[in-house]
Amino acid sequence: MSDARDDEALGWAGDDDPTLAPEGAVGGAAAPRGRGSRRGETAPAAAPRTVLDEAEDAEDRAAERELEDAERASAQLSSAALIGLGVLGGVYLLYTIGWIVFFSRYEMAIDVTFGVFSDLIARTLAIAAAPLWFVATLLITQRRRRYRFLWLVIGVLVLIPWPFLIGGTA
């Protein structure tokens, strides 16, 4: 059988002792009982929050914000936006081809002088301007999509290969 000490260990006597009341209880009163607790039993006191807990919570909130930002940034474009990007990309491709055709009509000087070298640099930049503008606009406006089409249209207006269109000479 069991002796008196075992019975005493399982008993609830002495639980209403004011020195055993959790911190913050007014006048030594026990904390409110939880669901399913016995009479005289107190609910466990909530552990105080530590700096480590606060840091972990802040880290979790930052990770959630990052995830939301990433989801917003990777959201799919509408069909109209994709068609618009395709049309503008085609225009930029035509501009590049126009500059290449214009510069291929004329011979370059063979001797290497400053004038010839600077003309070669100017031609290379004129040919590369349209694709560079298109790619740079797409990369720079990743987070601000509402400005993307504005900058692409500005590029279409600025980078027109006028010499090719009017039949000028290089």
(message) For a Förster distance of 30 Å, can you work out the FRET efficiency between the beta-carbons of Glu68 and Val135, rounded to the nearest 0.05?
(response) 0.65
(request) Give the ranking of Glu64, Glu107 by solvent-accessible surface, highest area first, calculated with a 1.4 Å probe. (result) Glu107, Glu64
(message) What is the percent carbon and sulfur in the accessible area of segment 40-170, measuring with a 1.4 Å probe over the protein chains and ignoring ligands?
(response) 67
(message) What distance in nm lies between label points placed 7 Å from Cα along the C-beta direction at Val116 and Ser104?
(response) 2.2
(request) Could you grab the relative contact order for segment 84-170? Cα pairs under 8 Å, six or more apart, rounded to a whole percent. (result) 44
(request) Pop a pseudo-label 7 angstrom from the Cα along the beta-carbon direction at both Arg144 and Val51 and give the gap in nm to one decimal. (result) 3.9
(request) Please calculate the 1.4 Å probe accessible area of Trp99, with all protein chains present, and give it to the nearest 10 Å². (result) 40
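The values are calculated or read from the model by the stated rules, or taken from the named source; none is laboratory data. Being a predicted model, the structure only gives us computed values, none of them experimental. Glycine also receives a Cβ, built like all others from the backbone with ideal geometry; neighbour counts cover every protein chain displayed. With ligands, DNA and RNA removed, areas are computed over all heavy atoms of the protein, side chains included. Shrake-Rupley method; radii C 1.70, N 1.55, O 1.52, S 1.80 Å.
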